[in-house]
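Down below is the structure, laid out as structure tokens.
Values quoted throughout were computed directly from the atomic coordinates according to the rules given, and no laboratory measurement underlies them. Source: prediction; values computed, not measured. Cβ atoms come from the backbone with ideal geometry, glycine included; neighbour counts cover every protein chain shown.
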Ligand code: HEC
């Protein structure tokens with residue numbers, strides 16, 4: 001195929017997607033699950049909405065870090081490969097959400113009390129901190145703090161060799 005012909009095929013595909021919204025195939029997402037932008041420059045709660053549909057990479061972690069709680073960790077499509085393999089840095093657009101559940105006697109899991117999350121932003125967002133943004137909110141997304149959040153970043157710095165993610169697999 002000539003260069004010109006392949007260029008027009010490419011143009012046609014782009015145009016067809018534009019016209020149909022590219023609704024078929026693997027890339028189609030349910031409109032309900034707000035898909036995070038691939039290159040996030042601004043941190044917002046939109047980045048973590050729909051996280052329950054992501055892969056649950058770790059279940060029932062029980063450590064004293066953060067608060068005494070039992071934790072489940074969800075990772076989106078962009079980040080799951082790095083989380084599972086320990087291959088770092090995580091790609092831009094990776095988002096990790098940790099659910100923190102009340103710790104009941106006998107190690108039973110109580111109600112969900114808080115969400116803590118980290119989102120890999122565009123290069124330059126916070127280079128010393130691996131360009132991660134941090135989010136803390138409650139299960140109703142009512143009281144939220146987000147951004148570079150020094151209180152989170154300073155402790156996650158001790159996992160800098162794993163791109164600031166403690167629970168990902170070590171290489
Ligand atoms: C005192 C240290 C410390 C502070 C402060 C801290 N974290 Fe963590 N964080 C950890 C440790 C240790 C883990 C892994 C073990 C666990 O979850 O219990 C973790 C796990 C996480 C994870 C799962 C991914 C990973 O790194 O394994 C997220 C997301 C997270 N923290 C977000 C936050 C946010 C948001 C804040 C601030 C509101 C915060 N953290 C503050 C120590 C800390």
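Sorted by average packing, counted as other Cβ atoms within 10 angstrom per residue and highest first, what order do 163-170, 124-131, 139-146 take?
Details: 163-170: 18.5, 124-131: 15.6, 139-146: 11.5.
Packing order, densest peptide first, comes out as 163-170, 124-131, 139-146.
By per-residue mean of other Cβ atoms within 10 Å, what is the highest-first order of 41-48, 73-80?
Top of the packing list down: 73-80, 41-48.
Quick check: residue separation of residue 155 and residue 84 times 0.36 nm, minus the Cα distance between them. What number comes out in nm? It would help to have the intermediate numbers written out before the result.
Details: separation 71, 0.36 × 71 = 25.56 nm, distance 2.17 nm.
Result for the pair: 23.4 nm of gain on full extension.
Ranked highest first by average number of other Cβ atoms within 10 Å, how do 82-92, 53-63 line up? Don't jump to the answer; show the numbers that get you there.
Numbers: 82-92: 17.3, 53-63: 13.6.
The packing order, highest mean first, is 82-92, 53-63.
Quick check on the range 128-171: what are the equivalent-ellipsoid semi-axes from the Cα gyration tensor, as sqrt(5λ), descending, whole Å? Display every interim value, and only then the final one.
Working: eigenvalues 100, 31, 11 Å².
After diagonalising the Cα gyration tensor, the semi-axes are 22, 12, 7 Å.
Roughly what would the spin-label model give for residue 170 and residue 41, points 7 Å off Cα along C-beta, in nm?
3.9 nm
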